[in-house]
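Below you'll find the structure, written out as structure tokens, and then a few comments.
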Amino acid sequence: MNKEIIYSPYKIAHYKHNLILGTPVTAHIDLTDRCNHRCFFCGSQYQLNFDYTQELSGEKWVDIIEQLPIQAIVMCGGGDPLMHRSFTTVARYCLNKGLRCGLITNGQLWNDEVTKVASKFDWVRISIDASTQETYEKQRGVKDNIQNVFVRHVPPPVVYGANFVVTKYNFREIADFARIIKLSGFDNCRFVFPFPHDPELKGYSNEVISQLEEAKSHSDDDFTVFASHMERLTGKEAKNTFTTCYYSSIALTIDASGNMYTCCQLKLNQRGIMGNLLESSFSDIWATRVPPEVSKCQPCWMAPKNEIAEYIMMENPSHGVFI
């Protein structure tokens, strides 16, 4: 399969029925807030009263997931999903329920049991952010061996990727990272810029762009290099051009306490909480859902998907007959 199709923002076009009804397709869950790394750029640290110990039991997660009318689930953070004591139990439950699964992890706690369940996932993304040991320790605040994560743990058809958050400490390793990840048998590597914007990185923008161009030269039919949120490099993020946030109606965001949010950008923000799935049912919370007011939103990282969805939902788009 052409991997460009796998990563396409046009996937949302297959779910017009969900867009019309406002019913979710995917859930992103923070299985735990516990983490074995302390990345200096981690978005969680910017949230007031973030609790690095917060974790629901496996049984409670099963109860929550059982309520969700979804087709796919992404286990992410928060903390690192592999820190959860019942990760494999929850993962097996999701697979047995017929859910398509994705996993985002730093990979340092990977073991044989994780391999067994992850080999049935659709995709895995390992957060690495460096190509050398020295930079890895600086980025992620640990002494873990970087060579532990330059390993492909599960074979195809699982799409196995690596993530690299570009910062002032690691941008000169961008191209080398792509080379190493490709040689390690991964399917892709993704470069993304931190949120909030790092003003110090702007001064190196020309060198960053040059590194990214070299990294992209490693792309071929079997390996994909892509960069997300380039606008954050300069801090000049474009204004939202869509008027309705359709993405938030088809992709759920749930934190490690069971709180469900109006959208992913408001995760861990008190004003974004719609309700708690341990205290109220999904159907009750969803029935009172109020869509985000786009005019009050920050520049949205899901803007391309929302723009596509908004066009799909037009009843009579201008010049729509000229195909």
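The values are calculated or read from the model by the stated rules, or taken from the named source; none is laboratory data. Worth saying up front: this structure is predicted, and the values here are computed from it rather than measured. Note that each Cβ is placed from the backbone with ideal geometry, even for glycine, and that neighbours are counted across all protein chains shown. The accessibility values were calculated without ligands, DNA or RNA, using every heavy atom of the protein model including side chains. Shrake-Rupley method; radii C 1.70, N 1.55, O 1.52, S 1.80 Å.
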Can Met83 be described as modelled with pLDDT of 95 or more and within 21 Å of Leu266 (Cα to Cα)?
no
Which numbered condition Ser280 misses (of (1) at pLDDT below 90; (2) part of a loop (DSSP other than H, G, I, E, B)):
(1)
The lone condition Gly275 fails out of (1) in contact with an Asp or Glu (Cβ under 8 Å, 6 or more places away or on another chain); (2) of a type outside the set (Ser, Thr, Tyr); (3) under 22 Å from Lys60 (Cα atoms); (4) crowded, with 19+ Cβ neighbours inside 10 Å is (4)
Looking across the stretch 13-40 at residues that are in a strand (DSSP E or B) and not charged (D, E, K, R), the single one that is most open to solvent (accessible area, probe 1.4 Å) is His28
Can you pull out the strands (runs of 3 or more DSSP E) entirely within the stretch 115-232 that have at least 3 residues that are of a type in the set (S, T, N, Q) and under 25 Å from Arg38 (Cβ atoms)?
none
Quick check on my filter: what residues within the stretch 293-311 are outside any helix (DSSP H, G or I) and farther than 18 Å from Val25 by Cα?
Glu293, Cys297, Gln298, Pro299, Cys300, Trp301
Near pairs, Cβ below 9 angstrom, 6+ apart or cross-chain, from the stretch 99-127 (closer than 24 Å to Glu66 by Cα) to any residue that is assigned to a loop (DSSP other than H, G, I, E, B) and among the polar types (S, T, N, Q):
Leu99/Gln71; Arg100/Gln71
What are the pairs with Cβ atoms under 9 angstrom where one residue, in the stretch 278-297, is of a type outside the set (A, V, I, L, M) and the other, located anywhere, is open to solvent by 80 Å² or more (accessible area, probe 1.4 Å)? Sequence gap at least six, or different chains.
Ser295/Thr243
Scan the stretch 204-224 and report the pairs whose first residue is over 15 Å from Phe164 (Cβ atoms) and among the β-branched types (Val, Ile, Thr) and whose second residue is open to solvent by 70 Å² or more (accessible area, probe 1.4 Å) and not in a loop (DSSP other than H, G, I, E, B), with Cβ atoms within less than 8 Å and a gap of 6+ or a chain change.
none
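So that you can scan it fast, the table gives a plain yes or no per residue for (1) open to solvent by 20 Å² or more (accessible area, probe 1.4 Å); (2) more than 21 Å from the chain's Cα centre (by Cα); (3) within 23 Å of Arg190 (Cα to Cα); (4) of a type in the set (Phe, Trp, Tyr):
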position	(1), (2), (3), (4)
Glu55	yes, no, no, no
Trp61	no, no, no, yes
Ala72	yes, no, yes, no
His84	no, no, no, no
Cys94	no, no, no, no
Leu99	no, no, no, no
Gln108	yes, no, yes, no
Asn111	yes, yes, no, no
